[in-house]
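Take a look at the structure below.
The values are calculated or read from the model by the stated rules, or taken from the named source; none is laboratory data. Bear in mind that the values here come from a model prediction, so they are computed numbers and not experimental data. Reconstructed Cβ throughout: ideal geometry from the backbone, glycine too, with neighbour counts over all protein chains shown.
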Amino acid sequence: MKLRLFKTPNFADAASRAWICDSELREAFGELLKGQADNLGGGVWKKRLKENRHRSIVLAKGRHYWVYQSLFDKQRQSNISPKELGRLRALAKVYENLSELQLRYLLDAKDFVEIHHDQKI
């Protein structure tokens with residue numbers, strides 16, 4: 001089964017401002033799949049980007065699709081708070097229950113942007 005990778009519009013804007021392109025996101029995703037990321041539990045992962053200057057938060061849905069949810073500059077924010085982690089875990093649960101029809105709606109509404117890659121499970 002082919003994995004699907006998405007980013008939210010807010011993540012896309014932040015990545016663009018940080019000069020992080022989709023090819024770097026694809027490479028980081030491959031590293032994440034190899035265990036080179038921090039599993040924060042509840043479907044939430046933290047992955048370093050841009051030569052360790054930025055941190056991305058990636059949410060997983062049953063290991064079939066993954067969403068780059070948020071991005072922060074390590075110099076401005078060292079980590080996410082426990083409260084924020086709780087919100088991200090709740091959002092990962094929501095994503096986990098999305099149907100294919102709901103996913104299609106999110107894509108059509110541009111709430112998700114697909115990042116094309118060749119990873120399979």
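Structure above, values below:
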| read-out | value |
| --- | --- |
| Subset of region 63-82 (residues that are touching a residue at least 24 places away in the same chain (Cβ under 8 Å) and exposed (fewer than 12 other Cβ atoms within 10 Å of the Cβ)) | ARG63 |
| Qualifying residue in region 12-22 (condition: modelled with pLDDT of 85 or more, surrounded by 12 or more Cβ atoms within 10 Å (Cβ to Cβ), in a strand (DSSP E or B) and not β-branched (Val, Ile, Thr)) | no |
| Hits in region 83-101 - residues which are loosely packed, with under 11 Cβ neighbours inside 10 Å and charged (D, E, K, R) | LYS83, GLU100 |
| Matching residues in region 1-50 - criterion: being free of Cβ contacts under 8 Å to residues at least 12 places away in the same chain, more than 14 Å from LEU71 (Cβ to Cβ) and not hydroxyl-bearing (Ser, Thr, Tyr) | GLU27, LYS34, GLY35, GLN36, ASP38, ASN39 |
| Residue tally, condition more than 20 Å from SER23 (Cβ to Cβ), more than 12 Å from the chain's Cα centre (by Cα) and in a strand (DSSP E or B), over region 41-71 | 1 |
